[in-house]
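The values are calculated or read from the model by the stated rules, or taken from the named source; none is laboratory data. The structure presented is a predicted model; accordingly, all values stated were derived computationally and were not measured. Using ideal geometry, Cβ is built from the backbone for each residue, glycine included, and neighbour counts are taken over all protein chains shown.
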Amino acid sequence: MPAFVSEAAVSHNAPYIDPQWPRDVQLYQPLPDTQMTLHDNANCLAVKTLLHMNDLDFRVMPRTNAEQMSPTGKVPFLRADEHLVAEWEPIMAFVNAKKYNLSSHLEVWQKAEMKAYMSLVENVLKPAELWSSWCDEDTAFQVTMPRYGSPYPWPLNTVLARRKQWAVCTIMKALGWRDKTAEQVYEEVNRCCSALSNRLGSSNYFFGHHQANKAISGTKAPLRRQQAEDREQRPR
């Protein structure tokens, strides 16, 4: 039976993780064209980019019940041999444990600064994605909920979509985002993007050019190729 690999368990010192990249790694996600929501799409693209930039082989497995298959209830998740690794940070830690680390060339202060900007994205852009998808009523009822429940018949599609909306809005309330107005959310996003833009300046990368070739191939062509692959693959 596959073992769930948590973020805490995946570390460079974890004795049971083989440093070799497994064969036939599978990345599970919702259906990209009809079901996937904005937040899930961003997470899936982030993981695919990470894997492509490290030149790691994997297969995308679109499934209508990918969220229910995930050990954490969130997508995407990897199946690698006996391991199930779900969500962005545990997957990144799992890749790093395999000795694939795009930030290995950075200085200590650069790694600290990079973590600060990653935290900014986690604390602003991701909540903004969830808010705009599930808490903004027009978007939620016209776009997100129909997409989320699209694989299922009525009334199951409505029940599942409303249950998901309630769960997300509960999280947003705990984070202090539930009652924000659209203008407040856009202002938060604008400040976050301005901070990232100011740090980037006229450069193509945040820190040096060490990964220039991989970054180009990892963020452009592979994503276009992956989009074509997503459309070709359907649930069996």
- Note on the structure: Flagged in segment 66-104 as closer than 22 Å to residue 126 by Cβ, out of contact with any strand residue (DSSP E or B) (no Cβ under 8 Å at 6 or more places or on another chain) and of a type in the set (S, T, N, Q), in numbering order, are 68, 96, 103
- So which residues in segment 147-165 are farther than 17 Å from residue 131 by Cβ and among the hydrophobic types (A, V, I, L, M, F, W, C), if there are any at all? 154, 156, 159, 160
- Message: Condition check: out of contact with any Leu (no Cβ under 6 Å at 6 or more places or on another chain) and in a helix (DSSP H, G or I). Does residue 180 satisfy that?
- Response: no
- Taking only pairs six or more apart or across chains, which ones have beta-carbon atoms under 8 Å, a first residue in segment 192-217 that is exposed (fewer than 14 other Cβ atoms within 10 Å of the Cβ), and a second residue that is at pLDDT below 85 and small (Gly, Ala, Ser)? 204/212; 204/215; 205/212; 205/215
- Task: Scan segment 27-65 residue by residue and report those that are of a type in the set (S, T, N, Q), touching a Lys or Arg at 6+ places or on another chain (Cβ under 7 Å) and surrounded by fewer than 18 Cβ atoms within 10 Å (Cβ to Cβ).
- Result: 34
- Task: Give segment 39-62 a look and list any residue that's part of a helix (DSSP H, G or I), among the hydrophobic types (A, V, I, L, M, F, W, C) and within 17 Å of residue 80 (Cβ to Cβ), or say none.
- Result: 44, 47, 50, 51
- Note on the structure: In segment 141-160, anything assigned to a helix (DSSP H, G or I) and more than 19 Å from residue 43 (Cα to Cα) is listed as 141, 142, 146, 156, 157, 158, 159, 160
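Scan segment 66-120 residue by residue and report those that are acidic (Asp, Glu), surrounded by fewer than 18 Cβ atoms within 10 Å (Cβ to Cβ) and not in a helix (DSSP H, G or I).
Residues satisfying the conditions are 81, 82, 107.
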